[in-house]
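Right, one structure below, let's go through it.
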Amino acid sequence: MRRRLVLGRRKGLSFTRRRKRIETSAIQAGLFWAGECILAFAIGCVLVFYFMSRLTCVGQAMEPSINSGNSVLVNRFSYAMTTPKRGDVIVFKPNGNKNAHYYMRRVIGVPGDKIQVKDGFVYVNGDLYETGIGNEQMDYAGLAEEELKVGSDEYFVLGDNRNVSEDSRSADIGNVKKSDIYGKAWFVAYPWDNFGFVTSVK
């Protein structure tokens, strides 16, 4: 009888130890997971701080994609090894004017493209260019009234809200030189109702 009691106690102690080991393992796993999350967050903050700049969108030219007053994260190194693609939203100062505010506009024409605004719509290399964004008929053709060719290391840009946008149609801006591009508009950080990645289109 005594032997059975001793065995029962040993079994009880063994179960308690196993339970404590399981609880300890669960705590360790939780701490490890929390540590990984903190590390990932810290790395993310460093990357954002190093690679990104935070700029405020000025004006309504990029609505509805980016609204006036939106705080936008700009990747300053997007084009260090690559070139802007049609549909990207780039950030630049027109003609390298250091006193101007940063402009955010969508790339429509890349080097070698032929651009024309005809009957209120933009044509790229003779084909109607439609993106699902900014396809309203334009009142103003400006420099693109006659077909123009985008030069080497230049980009033809338009705002998504084309009838209020000052862009490559205007002589004050014209084609944007790659050397004047600050970076790529990447993410709308504020306000929350427009929070999310800036959409590139084809």
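Consider Lys149 carefully, then state whether it is of a type in the set (Lys, Arg), surrounded by fewer than 15 Cβ atoms within 10 Å (Cβ to Cβ) and at pLDDT 95 or above. Taking the combined requirement at face value, the residue satisfies it. Cβ-Cβ contacts under 9 Å between residues 6 or more apart (or on different chains), taken from a first residue in region 97-118 that is free of Cβ contacts under 8 Å to residues at least 12 places away in the same chain to a second residue that is charged (D, E, K, R) and not in a strand (DSSP E or B), are listed as Asn97/Asp180; Asn99/Lys93; Ala100/Lys93. Scanning region 134-143 turns up at least one residue that is surrounded by fewer than 18 Cβ atoms within 10 Å (Cβ to Cβ) and within 26 Å of Gly196 (Cβ to Cβ). Of the residues examined, Tyr155 is not one that is in a loop (DSSP other than H, G, I, E, B), among the aromatic types (Phe, Trp, Tyr) and assigned by TED's automatic domain parsing to the domain that holds Val72.
Consider region 158-184 and keep the residues that are closer than 11 Å to Met62 by Cα and not polar (S, T, N, Q). The one that is surrounded by the fewest Cβ atoms within 10 Å (Cβ to Cβ) is Val164.
Does region 83-99 contain at least one residue that is surrounded by 14 or more Cβ atoms within 10 Å (Cβ to Cβ), part of a loop (DSSP other than H, G, I, E, B) and aliphatic (A, V, I, L, M)? No - not one qualifying residue is present in region 83-99.
The values are calculated or read from the model by the stated rules, or taken from the named source; none is laboratory data. Remember, predicted model here, so these are calculated numbers, not experimental data. A quick note on method: Cβ atoms are made from the backbone with ideal geometry, for glycine too, and the neighbour counts reach across all protein chains shown.
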